[in-house]
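The structure appears right after this line, and notes come after that.
Only the coordinates and a few stated rules stand behind these numbers; no lab work does. All figures in this text were calculated on a predicted structure; none of them were measured in a lab. In this analysis, Cβ positions are derived from the backbone assuming ideal geometry, glycine residues included, and neighbour counts consider all displayed protein chains.
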Amino acid sequence: MKNKKTKKTKKNSNNISFLIVTIVIITVIIVIINSTKLLGSTSEVYVVSNGSLSYEESAEGYIIRDEVVLSNDEYQNGMIKVVPDGERASKSEMVFRYYSSNEDNILKQIAELDEEMNEIIETTGVSLGSSDIPSLEKQIETTIDSMYNLNYLQKIQENKNKIETYISKKTQITESLSPEDSYLKQLAEKRVNLEKELENESEKMYSPIAGMVSYRVDGLEDILKVNDFDYLTTELLSNFDLKVGAVVPLSNEKGKIVDNFKCYIAAPINTEKSLSANVGDTVSLRLSNLDEVDAEIIKIIEEDNGRIIVFEITSDVDSLLEYRKISFDIIWWKYSGLKVSNSSLIEEYDKTYVERRKAGYTDKILVKVLRQNDTYSIVINYDEDELKELGYSEDEISSMLKIKLYDEILLH
């Protein structure tokens, strides 16, 4: 009887031990499962955003233009700029004229005549019966007012030229409307004759072609030509000893007509990317004013230590008229689209995937990588035709998930 009780107690003890072990094992499994879920839920994620990637390099280049210099070495005593710097001139239009040998004396006589005529009109109250004269007087007054606090020499000269033109027109009207025997008419005629004398004695320069007028002449216009770039060498360009971004000074002896619809930038460069560039390639250039302009490679000159690439640009040309040597950025390529971290990409059998987490579930999504740098990639979804080429069936394509803006994707 005692043996039976002992056996029964032992059996119950074994059952309890088995139950305890089972509970411990189940508890451990639950803990492991929950721990795995917890780790998964706290994994780092990247939110898909719109972005762009580019490959850029800095360079220095020399600006080459189609430009014609206007000058006469026999006249080196200054000039009157008829067409202001930076404005267009039509073909055969007078751009500027040189001072005549008797310029100062004639201008002094004209000024004295202007003062005497104005005094007669004011003191005698002569009415010439033309509405044009008050209008011209108003223009003269407005131009004079605009010159106050003006310290830009070029603008001052332009306004001075305008005033002289207005006064000349006023004199012509005065001459035509004054009585034949009046003293005022005699003074006006004398002024007109002095203007003709001044014009006849001065050398006038006319534009041979239509284009932008510039008085920034540096002597390189006849060296850096646009018809053939084979003459370019790094040695030639470096011998000019030009400073990057230096403004070409205004000349008071010469002017030029410039094609402002296009210009060229010749850049000596020796980088891995530049060595793979070809004539006809299109790139973007970021200028010093931060504008990005389209450019085409039209010439490549091979040298022992690199190459000279000639870019043609057709926008923002006016902003470069003051310079001969500039620094700029070459944007070799630029892609925009859905931007993801490279750490989120999974490579499997020549295909690329990302893992999207949504509502506690994780889905693997096929993506196509357009461009990539060391940190990020620009990706897009495959279209239907591309998926068919990859061997996917109609059913697979119809059920295939797509990556979208603001999706949360796992980082690995």
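Some values worked out for this structure:
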read-out: Prolate/oblate/rounded label for the stretch 198-258 (Cα gyration tensor, a/c 1.5); value: prolate
read-out: Cut-off under 5 Å, modelled amide H: who pairs with Asn260 long-range; value: Met212
read-out: Sites matching chymotrypsin sites (Phe, Trp or Tyr not before Pro) across the stretch 299-369 that sit in DSSP coil, with at most 12 neighbouring C-beta atoms within 10 Å; value: Tyr349
read-out: 12 Å beta-carbon shell around Glu396, net charge (K/R +1, D/E -1); value: -2
read-out: Unsatisfied cross-links (Cα-Cα over 30 Å) in the set Lys273/Lys388; Lys190/Lys256; Lys81/Lys190; Lys91/Lys185; Lys256/Lys334; Lys81/Lys299; value: Lys273/Lys388; Lys190/Lys256; Lys91/Lys185; Lys256/Lys334; Lys81/Lys299
